[in-house]
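**Student:** Next up is a structure, given as structure tokens.
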Amino acid sequence: MILHIVERRVWEEAQRAGEYRAASLATEGFIHASRPEQVLATANRFYRDIPDVLLLWIDPQRLLAPIRYEASEGEIFPHIYGPLNLDSVVRVCELAPDADGIYRILN
């Protein structure tokens, strides 16, 4: 599994559109994702001040777009090179920080 963090309103828009296109797909050419052991650090680095986020659990075998594992910030992250087909998302859950604003637990 690979994971992607998204604001709830953006995910709801994607469901109406029939596919998900992160802003990074237009600006960088891919959708950022994380491996399960990386996602809390990603959440704490980029999503601490963004309310109401969801965690998408993506089955790489179901992706229609190519996935590449590439170096970034001294680690290897999965990058999705195209829109995310909704049926590749096998689970969606809320991602909520603890009372102090730090993400510590995956639901």
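Just so it is clear, none of the values below were taken in a lab; they were calculated from the coordinates. Values in this document were obtained by computation on a predicted structure and should not be read as measured data. With ideal geometry, Cβ positions are generated from the backbone for all residues, glycine too; neighbour counts draw on all protein chains shown.
**Student:** Using Cβ counts within 10 Å as a stand-in for footprinting exposure, how do 5, 58 rank, fewest first?
**Tutor:** By the 10 Å Cβ count, ascending: 5, 58.
**Student:** Per-residue HN-Hα couplings for region 64-76, Karplus 6.51 cos²θ - 1.76 cosθ + 1.60 at θ = phi - 60°, whole Hz, x for Gly and Pro?
**Tutor:** 8, 7, x, 10, 10, 9, 10, 6, 7, 6, x, 10, 9
**Student:** Related question: Putting +1 on Lys and Arg Cβ atoms and -1 on Asp and Glu Cβ atoms, find which of 22, 41, 106 reaches farthest to the positive end of the dipole of the chain.
**Tutor:** 22
**Student:** So, one more: Using r as the Cβ-Cβ distance of residue 96 and residue 71, and R0 as 35 Å, what FRET efficiency do you calculate, to the nearest 0.05?
**Tutor:** Computed FRET efficiency for residue 96 and residue 71 comes out at 0.70.
**Student:** Enter the Cα centre distance for the pair region 28-51 and region 75-105, rounded to the nearest angstrom.
**Tutor:** Each part reduced to its Cα centre gives a spacing of 7 Å.
**Student:** DSSP loop trypsin sites (Lys or Arg not before Pro) in region 2-78 with at most 14 other Cβ atoms within 10 Å of their Cβ, which ones?
**Tutor:** 48
**Student:** Tell me, what ³J(HN,Hα) does each residue in region 45-60 have, in order and in whole Hz, if you take phi through Karplus 6.51 cos²θ - 1.76 cosθ + 1.60 with θ = phi - 60° and put x for Gly and Pro?
**Tutor:** Working through the residues one at a time gives 7, 10, 10, 5, 9, 10, x, 6, 10, 10, 10, 9, 9, 10, 8, x Hz.
**Student:** Follow-up question, since we're still on this one. Quick check on the chain: helices-only [θ] at 222 nm, where DSSP H runs of length 4 and up contribute -39,500 (n - 2.57) each and the sum goes over total residues. Nearest 500, please.
**Tutor:** -5500 deg cm²/dmol
**Student:** Moving on to the next point. Would you work out the charge dipole size for the chain about its Cα centre, treating the Cβ of every Lys and Arg as +1 and the Cβ of every Asp and Glu as -1, and quote it to the nearest 20 debye?
**Tutor:** In total the dipole reaches around 180 debye.
**Student:** Taking square-rooted eigenvalues a ≥ b ≥ c of the alpha carbon gyration tensor, is region 1-71 rounded, prolate or oblate, where a/c under 1.5 means rounded and, failing that, a/b exceeding b/c means prolate?
**Tutor:** Rounded is the answer for region 1-71, as its axis ratio a/c remains below 1.5.
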